[in-house]
Amino acid sequence: MSLFAMGFLLVILQPSTGQFPRACANMQSLLRKECCPLWPGDMSPCGEFSGRGSCQNILLSRAPLGPQFPFSGVDDRENWPSVFYNRTCRCEGNFMGFNCGECKFGFSGPNCTERQLRTRRNIFQLTIGEKEKFLAYLNLAKNTPSLDYVIATGTYTQMNNGSNPMFRNINVYDLFVWMHYYASRDTLLGEFKVWRDVDFAHEAPGFLPWHRAFLLMWEREIQKIAGDENFTIPYWDWRDAKDCEVCTDEYMGGRHPTNPNLLSPASFFSTWQVICTRSEEYNSQQALCDARSEGPILRNPGNNDKSRTPRLPSSAEVEFCLSLPQYESGPMDKMANYSFRNTLEGFANPQTAISNISQSGMHNALHIYMNGSMSQVQGSANDPIFVLHHAFIDSIFERWLRRHRPVLEVYPAANAPIGHNREYYMVPFIPLYRNGEFFKFSRDLGYDYAYLQETALDSFQEFLLPYLEQARQIWVWLVGAAAVGGILTATTTGLVLACQKKRKGTASEIQPLLVESEEYNNISYQSNF
């Protein structure tokens, strides 16, 4: 109970990061299209009196989009968040948050000047106490209401363009489940029509930066409600796993003894209720998920369609994925070939990098393998294994960044599917983050992974790997060139020796190679060949 009280107090004192700020979920803010809440430290909008930020017009990206979404003005997520707000807080320096009341990821202190670096660890390397604390924090988030954020239960049109606000309270854990749903939901076109080929967080370049930001926000929320600023998300290294190693009552919940689709009653996760899993129902009603309970978590690991996902990913497949030099390619969607992002996401074969949407590899393989709540995109975050899984996916993304060291311009600036261009604001986050802001090393965002904290030599070797791979591919040509060079050298040497023998004893042979005289500039070198 004391832990809950501590978390409750911290939430009151510190703003969080998520969807619609409660301070802006009212008719006045919607009609003015302005979300610039007061910072409690000086009671000015965005902490302007203290130099933390100011209320500014939103600068939207005008870069052209890909052809996947052939509509305009039909979805509230287009040009996020301009349908709801066109003025928000723009924070200065290392300040961040919907009212500039927080520090950027990787910074702390009253003026956000102190650098921080936390380490995410393998869940199986946590002590019993650390593991129990992690599970307790998850349950705390599921039972702690978010005081700073609410969710939208209707579209802007259904809100009568802001004059009839439709928002609802939600707990901290489900807030993130709802955000994941909202970013990936179908577009409602009216008259029972929907557009399914749209996703602001998947199937395109933003997949990895979006989930990186998502995990950082989730991690920070846990730190605040638990009063534990050193908390980090653990990861599950599933490479070469034969089964779901975390699916035990000791960790994320075992299998129910009589119903294989449910969790063991010995795990408190068996009492959790899921939200946002009935996409067809929402579509038929032209409605948004309102976060009402929809039943228990479903999970039946390994009893999935083996023709689509025969097994969990292997170490070799991860290494092949890391060897791909291109972050994105072609149409920049799930049909992209030789794309690191598309291969890691699981729409391309993890042995050839050729798109094959009939199969689910890498990231997608884990979701399909779980055969339950995790297997449906919009509601997949209901299962807490989601967090462990995506933390490991993020670590693979980090390995690729460190190996290939891409500049920001590698991330596509234009012609990506809607929501995924470099300067597009991520849906549905407020404060605003651009996709490109999370296409950077994790250390720059204040965290690292235990298994990536190698020595300087290991890091240098990782940097050299792509060049060594190129050398391996052309070694036959190098050997051939060396052989030809050796023959030419031997022939040349023989001819030179023959010439020297022929000219032995002549005056020219005893002249210095360089002469210091007025005639030096007139000397010309001639070859006997």
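Among the residues of region 278-304, those identified as outside any helix (DSSP H, G or I) and within 30 Å of Phe397 (Cα to Cα) are Ile297, Leu298, Arg299, Asn300, Pro301, Gly302, Asn303, Asn304. Among the residues of region 24-44, those identified as open to solvent by 90 Å² or more (accessible area, probe 1.4 Å), touching a residue at least 60 places away in the same chain (Cβ under 8 Å) and assigned to a helix (DSSP H, G or I) are Met27, Leu31. If you go through region 394-404 one residue at a time, do you hit one that is open to solvent by less than 10 Å² (accessible area, probe 1.4 Å), over 25 Å from Trp80 (Cβ atoms) and small (Gly, Ala, Ser)? Scanning region 394-404 turns up at least one residue that is open to solvent by less than 10 Å² (accessible area, probe 1.4 Å), over 25 Å from Trp80 (Cβ atoms) and small (Gly, Ala, Ser).
Within the span defined as region 87-100, one or more residues are over 30 Å from Lys193 (Cβ atoms) and of a type in the set (Asp, Glu). Within region 333-349, the set of residues being outside any helix (DSSP H, G or I) and crowded, with 22+ Cβ neighbours inside 10 Å comprises Asp333, Lys334, Ala336, Ser339, Gly346, Phe347, Ala348.
Within region 96-117, the set of residues being open to solvent by 30 Å² or more (accessible area, probe 1.4 Å) and closer than 15 Å to Cys46 by Cα comprises Lys104, Asn111.
For region 403-447, the set of residues classified as free of Cβ contacts under 8 Å to residues at least 60 places away in the same chain, of a type in the set (A, V, I, L, M, F, W, C) and in a helix (DSSP H, G or I) consists of Leu408 only. Between Gly66, Gly73, the distinction of being under 24 Å from the mean Cα position of the chain (by Cα) and either part of a loop (DSSP other than H, G, I, E, B) or at pLDDT below 95 (or both) belongs to Gly66 only. Scanning region 40-50 for residues that are of a type in the set (Gly, Ala, Ser) and over 31 Å from the mean Cα position of the chain (by Cα) gives Gly41, Ser44, Ser50. For region 291-303, filtered to residues that are of a type in the set (S, T, N, Q) and open to solvent by 20 Å² or more (accessible area, probe 1.4 Å), the residue that is nearest to Gly372 (Cα to Cα) is Asn303. Residues that are closer than 24 Å to Asp199 by Cα, out of contact with any Pro (no Cβ under 9 Å at 6 or more places or on another chain) and aliphatic (A, V, I, L, M): does region 308-322 have at least one? No - not one qualifying residue is present in region 308-322. For region 305-332, the tally of residues that are of a type outside the set (D, E, K, R) and in a loop (DSSP other than H, G, I, E, B) stands at 14. Evaluate region 200-212: report whether one residue or more is surrounded by fewer than 21 Cβ atoms within 10 Å (Cβ to Cβ), part of a loop (DSSP other than H, G, I, E, B) and in contact (Cβ under 8 Å) with a residue 12 or more places away in the chain. No; the residues of region 200-212 include none that is surrounded by fewer than 21 Cβ atoms within 10 Å (Cβ to Cβ), part of a loop (DSSP other than H, G, I, E, B) and in contact (Cβ under 8 Å) with a residue 12 or more places away in the chain. For region 170-197, the tally of residues that are crowded, with 22+ Cβ neighbours inside 10 Å, closer than 16 Å to Gly419 by Cα and over 18 Å from the mean Cα position of the chain (by Cα) stands at 1.
Please verify whether Met217 is of a type outside the set (Gly, Ala, Ser), more than 15 Å from Gln378 (Cβ to Cβ) and in a loop (DSSP other than H, G, I, E, B), treating the condition exactly as stated. No, not satisfied.
In this structure, does Glu245 turn out to be over 24 Å from Val172 (Cβ atoms), open to solvent by 30 Å² or more (accessible area, probe 1.4 Å) and under 26 Å from the mean Cα position of the chain (by Cα)? Steps first, answer last, please.
On the way: over 24 Å from Val172 (Cβ atoms): yes; open to solvent by 30 Å² or more (accessible area, probe 1.4 Å): yes; under 26 Å from the mean Cα position of the chain (by Cα): yes.
Considered against the rule, which asks whether it is over 24 Å from Val172 (Cβ atoms), open to solvent by 30 Å² or more (accessible area, probe 1.4 Å) and under 26 Å from the mean Cα position of the chain (by Cα), Glu245 comes out as yes.
The residues of region 53-95 that are surrounded by fewer than 23 Cβ atoms within 10 Å (Cβ to Cβ), of a type outside the set (Asp, Glu) and over 30 Å from Leu189 (Cα atoms), listed by number, are Ser54, Cys55, Gln56, Arg90, Gly93, Asn94.
In region 130-141, the residues that are within 17 Å of Phe176 (Cβ to Cβ) form Cβ pairs under 6 Å with partners that are open to solvent by 20 Å² or more (accessible area, probe 1.4 Å), at six or more places apart or across chains, as follows: Asn139/Phe268. Filtering region 249-263 to residues that are out of contact with any Phe, Trp or Tyr (no Cβ under 8 Å at 6 or more places or on another chain) and either more than 21 Å from Ala141 (Cβ to Cβ) or not in a loop (DSSP other than H, G, I, E, B) (or both) leaves Gly254, Arg255, His256, Pro257, Thr258, Asn259, Pro260, Asn261, Leu262. Of the residues Leu288, Leu263, only one is farther than 30 Å from Phe105 by Cβ and either surrounded by fewer than 13 Cβ atoms within 10 Å (Cβ to Cβ) or modelled with pLDDT of 95 or more (or both); which? Within the list Leu288, Leu263, the selection yields Leu263.
Within region 151-169, the residues that satisfy the criterion of being open to solvent by less than 10 Å² (accessible area, probe 1.4 Å) and of a type in the set (A, V, I, L, M) are Ile151, Ala152, Met159. Among the residues of region 365-372, is any touching a Gly at 6+ places or on another chain (Cβ under 6 Å), closer than 27 Å to Thr277 by Cβ, outside any loop (DSSP other than H, G, I, E, B) and open to solvent by 10 Å² or more (accessible area, probe 1.4 Å)? The answer is no; no qualifying residue exists. Might you check whether a residue that is closer than 30 Å to Ser339 by Cα and open to solvent by less than 10 Å² (accessible area, probe 1.4 Å) occurs anywhere in region 267-277? No, region 267-277 contains no residue that is closer than 30 Å to Ser339 by Cα and open to solvent by less than 10 Å² (accessible area, probe 1.4 Å).
The values are calculated or read from the model by the stated rules, or taken from the named source; none is laboratory data. Owing to the predicted nature of the structure, the values given are computational and were not obtained by experimental measurement. Methodologically, a virtual Cβ is constructed for each residue, glycine included, from the backbone with ideal geometry; neighbour enumeration extends over all protein chains shown. The protein model used for the area step is the full one, side chains on, heavy atoms only, and it has no ligands, DNA or RNA in it. Shrake-Rupley method; radii C 1.70, N 1.55, O 1.52, S 1.80 Å.
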